[in-house]
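Student: My structure is below; once you've seen it, I'll send some questions.
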Amino acid sequence: MSTDVENEKNGMFEILTQPSKTLATWYFWLGGLGLFLAVLNLTNNIHPNYHVSWGGVLTFEYTNNAFGDKDTAAAFAVGDAVFIAFCAGMAALGIRSLTGDDGIGEWVVSMLTNNWYNDLVEAGNGG
């Protein structure tokens with residue numbers, strides 16, 4: 001349990017760059033989702049008629065339009081690179097925090113051998 005003294009020593013930057021296990025898990029999954037959406041957008045599979053501008057989506061169209069016609073939109077824009085870098089950094093920060101001292105190999109093995117899916121299914125005869 002953290003105390004007020006610990007919280008005063010740790011600034012917001014340290015909390016975000018050295019996340020707890022829960023926050024690191026969010027970083028990993030949100031970063032992975034963002035990378036998946038970026039790949040879908042770059043391969044023109046995110047929408048049948050539109051190309052997504054991540055700068056427009058994330059600024060609620062303050063900087064530019066969020067959706068452009070697939071035929072006239074650029075295949076790759078600076079916003080795509082920024083979005084990919086941000087999502088990759090978020091996923092990498094989550095992985096770094098989740099692996100700890102064991103290394104990435106041990107973390108991947110623990111993800112594959114863990115029976116986390118048993119928590120999603122009731123083992124009893126009631127359902």
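The rows are residues; the columns are (1) modelled with pLDDT of 90 or more; (2) in contact with a helix residue (DSSP H, G or I) (Cβ under 8 Å, 6 or more places away or on another chain); (3) within 25 Å of G100 (Cβ to Cβ); (4) surrounded by fewer than 11 Cβ atoms within 10 Å (Cβ to Cβ).
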| position | (1), (2), (3), (4) |
| --- | --- |
| M1 | no, no, yes, yes |
| N10 | no, no, yes, no |
| Q18 | no, yes, yes, no |
| G31 | yes, yes, yes, no |
| L35 | yes, yes, yes, no |
| T43 | no, no, no, yes |
| N49 | no, no, no, yes |
| F60 | no, no, no, yes |
| G79 | no, yes, no, no |
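Student: Right, another one. When you look at F83, is it assigned to a helix (DSSP H, G or I) and at pLDDT 85 or above, yes or no?
Tutor: Spelling it out, F83 is indeed assigned to a helix (DSSP H, G or I) and at pLDDT 85 or above.
Student: Right, here's the next one. Determine whether G89 is in contact with a Pro (Cβ under 8 Å, 6 or more places away or on another chain) and under 15 Å from G34 (Cα atoms).
Tutor: Considered against the rule, which asks whether it is in contact with a Pro (Cβ under 8 Å, 6 or more places away or on another chain) and under 15 Å from G34 (Cα atoms), G89 comes out as no.
Student: If you don't mind, another one. Condition first: more than 30 Å from A24 (Cα to Cα) and surrounded by 13 or more Cβ atoms within 10 Å (Cβ to Cβ). Now tell me which residues in the stretch 64-77 satisfy that.
Tutor: N64, N65, F67, G68, K70, A73
Student: On the phi < 0 side of the Ramachandran plot, surrounded by 12 or more Cβ atoms within 10 Å (Cβ to Cβ), at pLDDT 75 or above and in contact with a Ser or Thr (Cβ under 6 Å, 6 or more places away or on another chain): is that true of G94 in this structure?
Tutor: In short, no.
The values are calculated or read from the model by the stated rules, or taken from the named source; none is laboratory data. The shown structure was predicted, so the numbers you read here are calculated from the model rather than taken from an experiment. Reconstructed Cβ throughout: ideal geometry from the backbone, glycine too, with neighbour counts over all protein chains shown.
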